[in-house]
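The next block holds one structure in the form of structure tokens; read it before the comments.
The values are calculated or read from the model by the stated rules, or taken from the named source; none is laboratory data. Computed from a predicted structure; not experimentally measured. Note: ideal-geometry Cβ built from the backbone for every residue, glycine included; neighbour counts use all protein chains shown. All accessible areas refer to the heavy atoms of the entire protein, side chains included, with ligands and DNA or RNA removed. Shrake-Rupley method; radii C 1.70, N 1.55, O 1.52, S 1.80 Å.
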Amino acid sequence: MSRSVLVVSATTAEAAHVPPDLPLVITGMGKTAAATATARALAAYDDLSGLTVVNIGTAGALRPGLTGLFEPGSVLNHDLSADVVRALGHDPQERLEVGESEVVLATGDVFVSDPVVRDALAERAHLVDMEGYAVAYAAQQAGVPVRLVKHVSDAADESALDWPSLVAASAVVLGEWLATEL
């Protein structure tokens, strides 16, 4: 990739294998932390031209059989009352297009571990995380392209509660992707 990148990750655990020559921002978990840290990092640049934000992290699979690494083409803000906001006359921008892939990532502040919640989300998305939409929103507001790169760590069910023991394997795959793709 000839462009410069800013790698954004929610946690140090997910970013454990980011190549040391890449600039890295750790945002903290959740949409507010991710949007704020991304916006603050972008504001520190004198010139954003040529920069791409690359958000790496783990995601829960909302549908059976989804494993491995994905680069979603769109991302949803899934825990926003978009229909109500729209009815009030405002555009909630609850869906952002970020790439060519047909994979949809749902982002929300709800840690999805309930199969009922997972199954409802699976009607609209393939994967779920807690930061992707916020990072994409902040980058797009700054006029900077964004790529979301997510590794499936769990099935967005009770297994998600084991995330601390699962994240290390995902971090290796994410680091390898960064080393070979950027």
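Accessible surface calculations at 1.4 Å, restricted to protein heavy atoms, place the stretch 46-182 at 46 Å² per residue. Using Cβ point charges alone (K and R +1, D and E -1), the dipole size of the chain about the Cα centre works out to roughly 280 debye. With an a/c value of 1.5 or above and a/b not larger than b/c for the gyration tensor axes a ≥ b ≥ c computed over the alpha-carbon atoms, the stretch 125-182 is described as oblate. If the segment from residue 162 to residue 119 were pulled out straight at 0.36 nm per residue, it would be longer than the present Cα-Cα gap by 13.5 nm. Contact order, relative form, for the chain: 32 percent (alpha carbon pairs under 8 Å, 6 or more residues apart, mean separation divided by residue count). With Cα atoms as the point set, the stretch 48-112 shows a radius of gyration and Dmax of 14.1, 40 Å. Our summary gives the stretch 80-127 a relative contact order of 35 percent, counting only alpha carbon pairs under 8 angstrom and 6 or more residues apart.
The spacing between the stretch 1-53 and the stretch 111-141, judged by their C-alpha centroids, is 19 Å. Counting 0.36 nm for each residue step from residue 140 to residue 43 and taking away their Cα separation leaves a gain of 33.6 nm.
Seen from all directions on average, the chain presents a Cα convex hull projection of 10.2 nm². Take the Cα of residue 181, step 7 Å toward its Cβ, do the same at residue 36, and the gap between the two points is 2.9 nm. Calculated mean residue ellipticity at 222 nm for the chain: -9500 deg cm²/dmol, from DSSP H runs with n ≥ 4 weighted as -39500 (n - 2.57), summed, divided by the residue count and rounded to 500. What does the C-alpha gyration tensor say about the overall shape of the stretch 1-40? Classify as rounded when a/c is under 1.5, otherwise prolate if a/b is larger than b/c, or oblate. Taking the square roots of the gyration eigenvalues as a ≥ b ≥ c, the stretch 1-40 is oblate. Computed in the context of the full set of protein chains, the accessible area of the stretch 53-129 at 1.4 Å probe radius has 53% of its extent on carbon or sulfur.
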